[in-house]
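Structure first, commentary second.
Please treat every number below as a calculation from the coordinates, not as lab data. This is a predicted model, so every value here is computed, not measured.
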């Protein structure tokens, strides 16, 4: 009887810890842009489709102000902001032309745009990492805002689907699974570890000593406590394919397309718990976080801001 009582008490503690005490409050819906990808940086929201980028000032979360917009001749693969005015845009075409749209009728910010050949971008300080789906990873010094200082390249005959930089390592996904690259000596990047037990992985994020990987409908968790042996420690299946993911305060936010958005407690990654499921009126393709705000990219329907408190 005593053992049964202790088990029930433990179950109650787990349930109470998993209960969510925060609520979603809709603030704004912005319809004059297409948001298949959404990024937030220092109070500015960058939304884009394959050919155009819209940049908003979110100081007033109830009415974001359009600051600038750019049109790309060729499809945009990724973007990254350095400082307050340098915008790096990745595409597959070296002659791609990125032009500002001058019909905004607003006094917006000025951005200096650099076109880069590649699929994915990650930056730490003055170091910009450019991943290519075929070639691998190039490492640039962009301290002066230029792209002519190539430090090194890393490739083992595989390309990159997604990656992130957290010195001294790069955490990457390729066609076979996960790869960790040691960049402690930037001139000589080295493969530190691999885990090829996962497949169809498209996106990843890191929180503490865990990698959270989106692979179709599967959410996978890899422990990288032992950096030389990334190990699959948990897995959760979603009702729809995972389009995007974001992490804040040990909560994982998943954009699930027609399946809406799901919030998961990852305080104990090996025992993930559902906290909230939310279904906007349109499919959710991308999610970004800043302070207590959640930004949802709704494709051709625009984007939305929610306060989560």
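General remarks:
- The ellipsoid equivalent to the alpha-carbon distribution of region 17-164 has semi-axes of 28, 21, 15 angstrom, derived from the gyration tensor eigenvalues as √(5λ) and listed largest first.
- Share of alpha-carbon pairs per 10 Å distance bin for region 219-309, given as whole %: 16, 47, 28, 9, 1
- Cα-only Debye scattering, the chain: base-10 log of I(q)/I(0) at q = 0.09 Å⁻¹: -0.48
- Region 139-263: Rg to Rh, with Rh as the Kirkwood radius over Cα pairs: 1.00
- Gaussian network model of the chain, springs between alpha carbon atoms under 10 Å - residue of 255, 234, 172 with greatest fluctuation: 234
- If the convex hull is drawn through the Cα atoms of region 34-99, its volume per residue in Å³: 80
- For the chain, calculated [θ]222 nm from helices alone, where every DSSP H run of n ≥ 4 adds -39500 (n - 2.57): -2000 deg cm²/dmol
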